[in-house]
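J.: Attaching a single structure in structure tokens format; questions to follow.
The values are calculated or read from the model by the stated rules, or taken from the named source; none is laboratory data. Predicted model only: the values in this text are computed from it and were never measured. Please note: Cβ atoms are built from the backbone with ideal geometry, for glycine as well, and neighbour counts cover all protein chains shown. Side chains included, ligands, DNA and RNA excluded: accessible areas come from the protein's heavy atoms. Shrake-Rupley method; radii C 1.70, N 1.55, O 1.52, S 1.80 Å.
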Amino acid sequence: MSVDKLASSPHFHPIPLIVRNSLQWISNSTLQSNPPFTPEGPSVWATNLIKSYFDKGLTREACNLFNEIPERDVVTWTAMIVGFTSCNHYHQAWTMFSEMLRSEVQPNAFTMSSVLKACKGMKALSCGALAHSLATKHGIDRSVYVQNALLDMYAASCATMDDALSVFNDIPLKTAVSWTTLIAGFTHRGDGYSGLLAFRQMLLEDVGPNSFSFSIAARACASISSYSCGKQIHAAVTKYGLHCDAPVMNSILDMYCRCNYLCDAKRCFGELTEKNLITWNTLIAGYERSDSSESLSLFFQMGSEGYKPNCFTFTSITAACANLAVLSCGQQVHGGIVRRGFDKNVALINSLIDMYAKCGSISDSHKLFCDMPGRDLVSWTTMMIGYGAHGYGKEAVKLFDEMVQSGIQPDRIVFMGVLCGCSHAGLVDKGLKYFRSMLEDYNINPDQEIYRCVVDLLGRAGRVEEAFQLVENMPFEPDESVWGALLGACKAYKLSNLGNLAAQRVLDRRPNMAGTYLLLSKIYAAEGKWGEFAKMRKLMKGMNKKKEVGKSWIEIRNEVYSFVVGAKMGPHIEWVHKVIDVLIWHMKDDGDVTDLDYIVDYLEGT
DNA sequence: ATAGGGTTAG
């Protein structure tokens, strides 16, 4: 009976009798020197069995068997390293490798390429560099497998691409795998442009592209939102006859979605003969970003065509509910997640936290966050942004400190979350402290978005002059969002001179933003400069584009009612007016009405 | 008997 047959038998039990017997046989050294049944030696038998155990996910059984083998050769050790790596137990793979060295078994090229893959998985550059030096010492760094694995390990590390490039340049015979690994290295670290340049070089050097290189090339286009390059890649895919390869076409589909060409995406999807779950997930995720209700329809369509949603599907669907702010729908999705037992998936819980926060139910977010067994950086960030949006700035700040205490390294986005929280809670100096700590303690360079947050932080608190100084002294050219934040502050504090300057800077960069004229006109109105006010309004009317309309909506008994300022729609609009009157009356009663802007908006329908 | 690169979630 072959090992494979044995392992795939429906009656397979972890250690069946026949295997116990074989173990005894392997341990029996007198038989070992003279194997009676098979032409291969007992370690061949054992290695095959180890591989089968790992394929079935039976790690324990593989280890037990391995421990009973008296003479372990390099192939057996390598099979263990490969086994652990294939089920993502990278640390155990590395432990195996060090034990192997301790028992003075010489590694070969198979061992080194496998252990380098484990180093990549551990994200342990130091282990990888050690493995590199060992490979060089044993002269097995001349295998192209080892070279490609080294390239992959360095490219995936958090260091620069320099080491990866020097390995790549030293590969005498670069294969398609070498090139694909290089392209993936650039692309996965966000440099899709260099990835595409490498892809072009690969073609120029007459290395035939295959499905692997096309899918990563499409991913590179997606990462830099280059529709024109993406279309060319799609054409080349067709030319090479790979238009039926599922992973390639999923990448192409994703590219169209990320470039915001949903029509091309839908057409591409319709033409696909070989669809799989990832195909559906890609399209649903694509629509979630720009047309969430369509994303929900696709979800139902997918179910009716017999596809079973997985965690990826539910993450996008949950995000769609968040975008639409439809709480009851989100709750049903949550129910579906629990029923399927997906409620242990961290990324999925993160999207549920975000959904409840965006649907107004921050207490549900908090409950999910507290009950999570393991929180990642995204969990903390999502909860912080949720708190900030609900005006709980102090809680957001507290969370940030707790996160650092728990040993998680903050990144740029989590700093944005905490700065935003400080901004909404008026914790200006606290926010400035975090801003400084970013560079000083964590070596994170602030980008446009961070500066926008800090300008907003100062501006909301009325420290507009300071905000202006910050903008003036930025280490790079501020973009329209930074100037826009300053303009917002000028509007709130009715500073027409500075506001005019900020508006000018916004318009220099984005001449078509009608909202800029609108803000400026409001500053003039507040100062009683009606001539200037009229000029702005005239400029606005002359523009083809209108400011994107702000909308509010509410879910009542399975119906979504949406409202636009000033719109005279719906049979219930007079009720809404009555409620607003009551609200204004209450606000006046509380002495809270300092800014009657909303009434101006309301009457004018802007 | 042991080794390679690609696709979906913030």
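J.: From the cross-link list A:LYS275/A:LYS344; A:LYS275/A:LYS308; A:LYS398/A:LYS430, which pairs have alpha carbons spaced over 19 Å apart?
T.: A:LYS275/A:LYS344
J.: Past the 24 angstrom mark, what percentage of all C-alpha to C-alpha distances in region A:447-548 do you count?
T.: Summing the P(r) tail past 24 Å for region A:447-548 gives 19 percent.
J.: Also: Using each residue's phi in region A:319-329, evaluate 6.51 cos²θ - 1.76 cosθ + 1.60 at θ = phi - 60° and report the 3J(HN,Hα) Karplus result to the nearest Hz, with x for Gly and Pro.
T.: Couplings: 5, 4, 4, 4, 4, 7, 6, 9, 4, 5, 5 Hz.
J.: Out of the total accessible area of chain A (probe 1.4 Å, heavy atoms of protein only), what percent is carbon and sulfur?
T.: 55 percent
J.: Which order do the peptides A:208-217, A:312-321 take when ranked by the mean count of other beta-carbon atoms within 10 Å per residue, highest first? Numbers along the way, then the final one.
T.: Details: A:208-217: 21.4, A:312-321: 24.6.
Top of the packing list down: A:312-321, A:208-217.
J.: Moving to a separate point now. Which whole-angstrom value gives the distance between the alpha carbon centres of region A:84-130 and region A:362-438?
T.: The two parts, judged by their Cα centres, are 37 Å apart.
J.: At 1.4 Å probe size, with no ligands or nucleic acids counted, give the accessible surface of A:TYR193 in Å², nearest ten.
T.: Counting only protein heavy atoms, A:TYR193 exposes about 140 Å² to solvent.
J.: Cβ neighbours within 10 Å, averaged per peptide: list A:436-443, A:483-490 in order, most packed at the top.
T.: Highest to lowest by the protection proxy: A:483-490, A:436-443.
J.: Quick one: dipole size for chain A, taken about the Cα centre, charges +1 on Lys/Arg Cβ and -1 on Asp/Glu Cβ, in debye to the nearest 20.
T.: 880 debye
J.: Turning to a different aspect of this structure: Roll a 1.4 Å probe over the protein chains and send me the accessible area per residue for region A:176-241 in Å².
T.: Ligands and nucleic acids excluded, the result is 47 Å² per residue.
J.: Using 0.36 nm per residue, how much length does the chain from A:HIS138 to A:ASN210 gain when fully extended, once their Cα-Cα distance is taken away?
T.: Here the answer is 22.6 nm.
J.: Next question, about the same structure. Each residue of region A:507-519 in turn: what ³J(HN,Hα) in whole Hz from Karplus with 6.51, -1.76, 1.60 and θ = phi - 60°, glycine and Pro shown as x?
T.: With the stated coefficients, region A:507-519 comes to 5, 4, 8, 10, x, 9, 8, 4, x, 5, 4, 4, 4 Hz.
J.: Here is a further query. So what is the relative contact order of chain A, in percent, for Cα pairs below 8 Å that sit 6 or more residues apart?
T.: Relative contact order comes out at 4 percent.
J.: If you build the Cα gyration tensor of region A:362-449 and take the root of 5 times each eigenvalue, what three semi-axes come out, in whole angstrom, biggest first?
T.: So the equivalent ellipsoid measures 20, 16, 10 Å along its semi-axes.
J.: Something else: Which three semi-axes in whole Å describe the equivalent ellipsoid of chain A, each the square root of 5 times a Cα gyration tensor eigenvalue, listed largest first?
T.: Here the semi-axes work out to 56, 28, 26 Å.
J.: I would also like to ask the following. Go through region A:395-402 residue by residue and turn each phi into a ³J(HN,Hα) via Karplus (6.51, -1.76, 1.60, θ = phi - 60°); whole Hz please, and just put x for glycine and proline.
T.: Result, rounded to whole Hz: 5, 4, 4, 4, 4, 4, 5, 4.
J.: Next question, about the same structure. So, in nm, how far is label A:GLU68 from label A:GLN332 when the simple model puts each one 7 Å beyond its Cα toward the Cβ?
T.: Computed distance between label sites A:GLU68 and A:GLN332 equals 5.5 nm.
J.: Subtract the Cα-Cα distance of A:ALA236 and A:THR175 from 0.36 nm times their separation in residues, and report this length gain in nm to one decimal.
T.: Numbers: separation 61, 0.36 × 61 = 21.96 nm, distance 1.98 nm.
Going from the current span to full extension adds 20.0 nm.
J.: Pick out, from A:TYR90, A:TYR442, A:ASN500, the residue whose Cα sits farthest towards the positive end of the charge dipole of chain A, with +1 on the Cβ of Lys and Arg and -1 on the Cβ of Asp and Glu.
T.: A:ASN500
J.: Could you give the Stokes-Einstein D for region A:74-175 in µm² per second, using the C-alpha Kirkwood radius, 4 °C, 1.567 mPa s?
T.: The estimated diffusion coefficient comes to 97 µm²/s.
J.: For region A:332-371, just the Cα set please: Rg and Dmax, both in angstrom.
T.: Final numbers for Rg and Dmax: 9.5, 25 Å.
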